[in-house]
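Structure first, commentary second.
Bear in mind these aren't lab numbers, they're just calculated from the coordinates by the rules spelled out. What you are looking at is a predicted structure, and each value in this text was computed from that prediction instead of being measured. Using ideal geometry, Cβ is built from the backbone for each residue, glycine included, and neighbour counts are taken over all protein chains shown.
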Amino acid sequence: MTQNLDFLSDHEVRQITALVDTLDRSNFDYLQVDVGAVKVTIGKGALPAPSGSLAGSVPASVPAVSGPAASVPAPASASAHATVSTVAAPVPPVAVAAVPTTWQPITATTMGRYYSRPDPNSPPFVQVGGRIGAEDTVCLIEVMKLFNAITAGVEGTVMRVCVEDAAVVEFGQVLFYVQP
């Protein structure tokens with residue numbers, strides 16, 4: 001398959017190929033990197049369907065690039081696929097139950113795997129209806145075998161948990177809503 005890669009230098013294509021190889025050897029399901037006007041999302045199998053992501057429209061078995069040019073080929077040895085975008089598409093609102101304007105979101109401070117409890121035998125850090133303080137740990141996000149404790153940043157009552165345990169979350173994704 002011939003592709004027009006005029007918007008990427010040979011060095012950038014090699015860097016993307018190295019990312020694909022690295023992800024293929026890792027335990028991660030996908031990786032997203034934003035550098036300037038270029039957004040690279042690579043994944044193994046089916047990518048999660050993040051809101052507004054172009055990756056959700058890419059079949060898992062087809063390496064693809066969206067944007068002004070065509071595609072970046074995945075290395076023959078890699079089982080991952082890549083999506084590169086230089087176009088910022090508007091994100092349509094996701095159909096979810098309305099959130100009162102008084103509720104405050106608690107968002108992910110990093111991308112990674114979300115855990116609601118410190119270990120499988122412990123109760124969750126927070127539950128709907130539970131009271132939390134601004135410095136309370138509300139969950140853990142694992143990135144490369146490092147567990148990051150996420151603090152509430154707001155005091156109040158947990159009104160909604162927006163993520164399932166062990167789900168992959170993205171930076172800035174809403175994890176909880178709290179009524180201050």
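Observations on the structure shown:
- Under 5 Å between amide hydrogens, built in the peptide plane, is the criterion, and for Met159 it picks out Gly129, Tyr177, Val178, Gln179 among residues at least 5 positions away or on other chains.
- Counted over segment 104-179 with a bin width of 5 Å, the fraction of Cα pairs per bin, in whole percents, is 3, 19, 31, 27, 16, 4, 0.
- ³J(HN,Hα) computed for each position of segment 129-141 - Karplus, 6.51 cos²θ - 1.76 cosθ + 1.60, integer Hz, glycine/proline x: x, x, 8, 10, x, 4, 9, 6, 6, 9, 5, 10, 10
- 5 angstrom amide H check on Asn148, placed H, neighbours 5+ away: Ile141, Glu142, Val143
- Fully extended contour minus Cα-Cα distance, from Asn27 to Ala166, at 0.36 nm per residue: 48.7 nm
- Within the shell of other residues whose beta carbon sits under 9 angstrom from the beta carbon of Pro124, the net charge comes to 0, with Lys and Arg scored +1 and Asp and Glu -1.
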